[in-house]
């Protein structure tokens, strides 16, 4: 019998922000709210990738991607899983175009990541570097339900307005999130993180303290609260 696909607990998801009439520009996120919602952008991407499940735009800080724009919370969660596993799309930070289909995702190196994203319906991921001249300042990542091969130039044209944001706001966004992450958490939230860190420690063969740090770092870079990522991990690994 096929296991039921984990569902996101929408009750814990903040309501989407109101979309401005002008081309939206993301603002610095924080760990108490996901990166900015951009539903109209997702609709445009689906003209190129009909079965797109989500899109993110990241800025690069010290070689590490920070999620600045996410079409919805699931897209931010997929970025968090990539941060957590060091998934194939993270190579885009070095300026590579990365296209990861089902064959790549089920490789031994990313076996755990493949199990997680497949439960969320993902069959392929495409990551393209965003450049400011010759310098890589970020990336756009598209998650799809099939082996999609969209036009790279058309996709980059859609997210071009965010190149300046990726270049200028990533460092400030990360600093703001770190400040918010230092705030005390409830006992329930801390318990979720503790349990998820235990699951992660066994799965990737590290000690619990290292697993907790890894989980919190992934949530930080994706713009999610650690307990939200913990909640999803526990649902994916009951």
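Some observations on this one:
- Considering the stretch 68-136, the qualifying helices (runs of 4 or more DSSP H), each wholly inside and each with 2 or more residues that are at pLDDT 85 or above, run over 73-85.
- Top-ranked residue of the stretch 179-202 - restricted to ones that are modelled with pLDDT under 85 and outside any loop (DSSP other than H, G, I, E, B), ranked as surrounded by the most Cβ atoms within 10 Å (Cβ to Cβ): 181
- Among the residues of the stretch 137-152, at least one is assigned to a helix (DSSP H, G or I) and in the same structural domain as residue 47 (by TED's automatic domain parsing).
Condition check ((1) in contact (Cβ under 8 Å) with a residue 12 or more places away in the chain; (2) in contact with a helix residue (DSSP H, G or I) (Cβ under 6 Å, 6 or more places away or on another chain)) across all residues:
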{"site": "134", "(1), (2)": "no, no"}
{"site": "148", "(1), (2)": "yes, no"}
{"site": "180", "(1), (2)": "yes, no"}
{"site": "191", "(1), (2)": "no, no"}
{"site": "205", "(1), (2)": "no, no"}
{"site": "216", "(1), (2)": "yes, yes"}
{"site": "224", "(1), (2)": "yes, yes"}
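- With respect to (1) exposed (fewer than 15 other Cβ atoms within 10 Å of the Cβ); (2) out of contact with any strand residue (DSSP E or B) (no Cβ under 9 Å at 6 or more places or on another chain), the lone exception for residue 164 is condition (2).
The values are calculated or read from the model by the stated rules, or taken from the named source; none is laboratory data. Everything numeric in this text was worked out from a predicted model, so none of it was measured. So basically every Cβ, Gly included, is an ideal-geometry build from the backbone, and we count neighbours across all protein chains shown.
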